[in-house]
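Here is the structure we will look at, set down as structure tokens.
Computed from the coordinates by the stated procedures, all read-outs in this text should not be read as laboratory data. Keep in mind it's a predicted model, so treat the numbers as computed, not measured. Glycine gets a Cβ as well: all are built from the backbone with ideal geometry, and neighbour counts include every protein chain shown.
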Amino acid sequence: MVPEMGAHQTVKHHDLIAQLRTAGHENVDYITQYADTAQHWDAMCELIAPQGRIGTIVETSEKLDISALQGKPAALMWELMFTQSLFGTADMARQGRILSRVARLVDGGIIRTTEQKTRHGLSATKIKEAHAIIETGRMIGKLVVAN
């Protein structure tokens, strides 16, 4: 799925360090984190290249040792889609331009869904079923529970 979306190379997230080293990479310039930042934090800190960038959209209640990035010096960037409107920032109108651009990219087939499975019927049973699938750690892409 990921190569069809343009990835040059993929690795499994279960052991990032070993996977990247096996693939011939000592470090990487960019890491985009979409799942469990705290679980992968130590590996990301080791793998990020000096002056690299780690971006995430994932909240965590766990404390992260950001000093692990100091010696590289690498950047950690957290993104929240509605930061501009939530805080009324000076660039708030930019969010509308970003969403319009994303809509054009989706309409043009440049950005595609990663939806792989759908469970129909919005109920506690279907949500439990969806969670059980995700908790196996083998789910690739997104699972949707639709009404």
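A few notes on this one:
- Length-normalised contact order of the range 1-79 in % [C-alpha pairs under 8 Å, at least 6 apart]: 26 percent
- Shape category assigned to the range 17-147 from the gyration tensor of Cα positions, a/c cut at 1.5: oblate
- Net lengthening on full extension, A68/A90 (0.36 nm per residue, minus Cα-Cα): 4.7 nm
- Amide proton proximity set for G55, modelled H, under 5 Å, gap of 5+: I31, T32, Q33, M77
- Taking 20 Å as the straight-line reach from the Cα of K12, the aspartates and glutamates in range (excluding those fewer than 8 positions away in the same chain) are E4, E26, D29, D36, D42, E46, E115, E135.
- The calculated FRET efficiency for the pair R97 and M139, based on their C-beta separation and a Förster distance of 35 Å, comes to about 0.60.
- Multiplying the residue separation of K12 and Q116 by 0.36 nm and removing their Cα-Cα distance gives an extension gain of 35.7 nm.
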